[in-house]
Amino acid sequence: MFGLLALIVAALFTGAAIYINVAEQPARLHLDDEALLAEWKPAYKRGFAMQAPLAMIAALLGVLAWWESARPLWLAGALIILANWPYTMLAIMPTNRKLEAIAPQQASAETRRLIRRWGLLHGGRSLLGLVAVVLFLVAAL
């Protein structure tokens, strides 16, 4: 039971992360610099509020599935999905802080460059989620 829930929650996390990379990010890049930043700021806050708990819950459920079954793939998946936290804090947060410090009316080509960089970095979150989903799926078989 814990394993299937871990798989579902990890898939929700991964789906949201991939949606951001393949739909939301490309769409926002069509905006002018000021609108681009004005859209990114609230979208980032809402996305973080949704994805952060999903990563934690999926990791907890993966650990419980490992504890229950002693199958190491559950633990591996849990650690990979949980790796989104340090990856976000160490790799993405410096860019986030720079973007948060810019007022929308002060947006420039540098702002656009930072948001493009943010999108590439966010792709790492999508990849971590996908790896966790595959590990959970294999563990469930």
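Of all the residues in the range 101-127, those that are within 14 Å of the chain's Cα centre (by Cα) and in contact (Cβ under 8 Å) with a residue 60 or more places away in the chain number 6.
Here is the figure for the range 101-112: residues that are of a type outside the set (G, A, S) and surrounded by 15 or more Cβ atoms within 10 Å (Cβ to Cβ) total 4. When the residues of the range 40-60 are filtered to those that are within 24 Å of A107 (Cβ to Cβ) and crowded, with 17+ Cβ neighbours inside 10 Å, which remaining residue is farthest from the chain's Cα centre (by Cα)? Looking at the filtered set, the residue picked out is W40. Scanning the range 61-93 for residues that are surrounded by 13 or more Cβ atoms within 10 Å (Cβ to Cβ) and of a type outside the set (A, V, I, L, M, F, W, C), we see that the one that is farthest from the chain's Cα centre (by Cα) is S69.
Taking into account only those residues within the range 1-25 that are closer than 13 Å to W118 by Cα and in contact (Cβ under 8 Å) with a residue 24 or more places away in the chain, which is nearest to the chain's Cα centre (by Cα)?
Only one residue fits best here, namely A17.
For K98, the conditions (1) surrounded by fewer than 16 Cβ atoms within 10 Å (Cβ to Cβ); (2) in contact with a Leu (Cβ under 9 Å, 6 or more places away or on another chain); (3) of a type outside the set (S, T, N, Q); (4) in contact (Cβ under 8 Å) with a residue 24 or more places away in the chain all hold with the exception of (4).
We did not get these values from a lab; they are worked out from the coordinates using the rules stated. Values in this document were obtained by computation on a predicted structure and should not be read as measured data. A quick note on method: Cβ atoms are made from the backbone with ideal geometry, for glycine too, and the neighbour counts reach across all protein chains shown.
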